[in-house]
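Worksheet: the structure to be examined is printed underneath.
The values are calculated or read from the model by the stated rules, or taken from the named source; none is laboratory data. Please read these numbers as outputs of a predicted model, since none were measured by experiment. Counting neighbours? That spans all protein chains shown, and the Cβs are built from the backbone with ideal geometry, glycine included. The area values use the complete protein model at the heavy-atom level, side chains included, leaving out ligands, DNA and RNA. Shrake-Rupley method; radii C 1.70, N 1.55, O 1.52, S 1.80 Å.
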Amino acid sequence: MNDIDKLKPCTGYCQMIGAATALLSVQNSYIIFNSPRWCALTAERELSCICKEYEKRLFCTEAREADVLYGVEGSLKETIDELLKEEQNPTLINVITSCSMSLIGDDIKGVCKGKVPNANVLTLDAGGFTGTFDSGYQIGMLSLLKSAQLEKQRPKARKVNLLGICTAYPNWDGDLKELKRVLDLAGFEIGIALGAKGLSLEELKDISSAALNIVLVPEISLEIAKYLYEQLEQEYIVAPIPFGFKGTIAWIEKIGEKLNVLPYMDVVEKEIMQLELDIVDEAYTIKNLFVDFSLQRIISDLPSSLTLSFVNAINTCGIDM
């Protein structure tokens with residue numbers, strides 16, 4: 001009975017939801033869940049919590065017993081027709097097959113191409129019983145990159161891509177804006193933020209113009225960085241999102257060292273000096289107001305790499321809390 005948790009991945013953010021999150025980041029991209037209705041409803045509930053707009057881009061074949069026995073072609077064609085009523089010229093159609101339907105062996109891509117020959121179509125198996133949200137995100141993003149037929153370009157020396165952006169993470173857009181701002185202050189050019197909402201397929205083709213891929217969340221982007229290195233010889237660095245002043249400085253210096261360029265640290269350090277004074281003042285104000293105040297326990301729901309980054313920031317902040 002100790003292994004029963006292995007049979008419950010579909011009750012939360014399963015592999016299918018991870019794949020959908022990655023692919024919905026593409027502009028004008030639509031998802032067809034090739035699955036029973038309850039699978040799709042679970043996914044829709046979670047995805048609509050991430051972004052309300054997503055539920056308008058989700059469809060389902062509503063596979064039934066007959067589809068399991070005789071194939072899902074009829075149901076899939078009907079679902080494609082329903083999708084095309086909503087959007088006549090989709091940029092990308094993604095058919096994500098769930099656990100049970102992946103056992104049948106239908107030619108999903110052939111059915112889709114027959115119905116929409118001029119559309120970009122991705123088909124992938126991402127059932128909840130075979131993986132987690134993290135693996136699903138990488139499966140979805142790798143399928144997208146492989147379909148893009150990327151070509152190697154001459155990289156720009158100070159240009160970087162950000163890997164590991166995920167709209168399922170709280171405040172992802174605010175974090176991304178701050179990362180871009182800090183990198184810009186340090187003199188780096190920002191290329192593609194893979195996973196950010198609204199990315200176009202045309203923009204994606206420019207991913208190879210960067211000299212370095214920064215792996216912000218290795219749990220969902222390390223395999224992507226390895227793929228880009230194999231295909232484009234594009235260097236990458238595992239540098240989780242930094243927290244705190246010291247962590248941010250070390251993060252920028254690590255990127256500069258990998259690129260063999262000097263970041264503009266004087267600008268960054270000047271801003272940090274002012275902010276550091278403000279934060280120290282506020283911290284001691286809190287302690288004066290609440291004499292017994294202390295941080296006894298922090299509960300984190302972040303990926304492990306970001307949790308460690310956060311813990312390191314607390315341990316090195318120099319403020320006794």
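Some observations on this one:
- Selection count where residues are at pLDDT below 90 and over 18 Å from residue 129 (Cβ atoms), scope the range 27-55: 11
- A count restricted to the range 285-297 and to residues that are open to solvent by less than 100 Å² (accessible area, probe 1.4 Å) and either assigned to a helix (DSSP H, G or I) or modelled with pLDDT of 70 or more (or both) stands at 3.
- Residues within the range 252-273 that are open to solvent by less than 50 Å² (accessible area, probe 1.4 Å) and either touching a residue at least 40 places away in the same chain (Cβ under 8 Å) or out of contact with any Ser or Thr (no Cβ under 9 Å at 6 or more places or on another chain) (or both), tallied: 8
- Unmet requirement for residue 45, which otherwise passes all of (1) part of a helix (DSSP H, G or I); (2) in contact (Cβ under 8 Å) with a residue 12 or more places away in the chain; (3) surrounded by fewer than 21 Cβ atoms within 10 Å (Cβ to Cβ): (2)
- Of all the residues in the range 154-186, those that are touching a residue at least 12 places away in the same chain (Cβ under 8 Å), in contact with a strand residue (DSSP E or B) (Cβ under 8 Å, 6 or more places away or on another chain) and not in a strand (DSSP E or B) number 7.
- Among the residues of the range 207-221, those that are open to solvent by 20 Å² or more (accessible area, probe 1.4 Å) and under 18 Å from the mean Cα position of the chain (by Cα) comprise 218, 219.
- Residues in the range 81-107 that are among the hydrophobic types (A, V, I, L, M, F, W, C), open to solvent by less than 20 Å² (accessible area, probe 1.4 Å) and not in a strand (DSSP E or B): 83, 101.
- Residue within the range 230-238 that is at pLDDT below 80, within 28 Å of residue 195 (Cα to Cα) and surrounded by fewer than 13 Cβ atoms within 10 Å (Cβ to Cβ) present: no
- Within the range 239-251, restricting attention to residues that are not in a helix (DSSP H, G or I) and not β-branched (Val, Ile, Thr), the residue that is most open to solvent (accessible area, probe 1.4 Å) is 243.
Residues checked against (1) modelled with pLDDT of 95 or more; (2) buried (at least 21 other Cβ atoms within 10 Å of the Cβ); (3) in contact with a Pro (Cβ under 8 Å, 6 or more places away or on another chain); (4) of a type in the set (Gly, Ala, Ser):
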residue: 150; (1), (2), (3), (4): no, no, no, no
residue: 165; (1), (2), (3), (4): yes, yes, no, no
residue: 170; (1), (2), (3), (4): no, no, no, no
residue: 180; (1), (2), (3), (4): yes, no, no, no
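- Residue tally, condition of a type in the set (S, T, N, Q) and either without any contact (Cβ under 8 Å) to a residue 24 or more places away in the chain or closer than 26 Å to residue 169 by Cα (or both), over the range 213-233: 2
- Number of residues in the range 115-134 that are open to solvent by 40 Å² or more (accessible area, probe 1.4 Å) and in contact (Cβ under 8 Å) with a residue 24 or more places away in the chain equals 8.
- Residue in the range 187-207 that is at pLDDT 90 or above, outside any helix (DSSP H, G or I), closer than 24 Å to residue 272 by Cα and in contact with a Gly (Cβ under 9 Å, 6 or more places away or on another chain) present: yes
- When each of 186, 196 is tested for being surrounded by 18 or more Cβ atoms within 10 Å (Cβ to Cβ) and not charged (D, E, K, R), the lone residue that passes is 186.
For every residue, the table says whether it meets (1) under 18 Å from the mean Cα position of the chain (by Cα); (2) in a strand (DSSP E or B).
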position	(1), (2)
16	yes, no
32	no, yes
38	no, no
41	no, no
54	yes, no
59	no, yes
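- Across the range 164-190, the qualifying residues are those that are within 14 Å of the chain's Cα centre (by Cα) and of a type in the set (D, E, K, R), and the one among them that is farthest from residue 268 (Cα to Cα) is 173.
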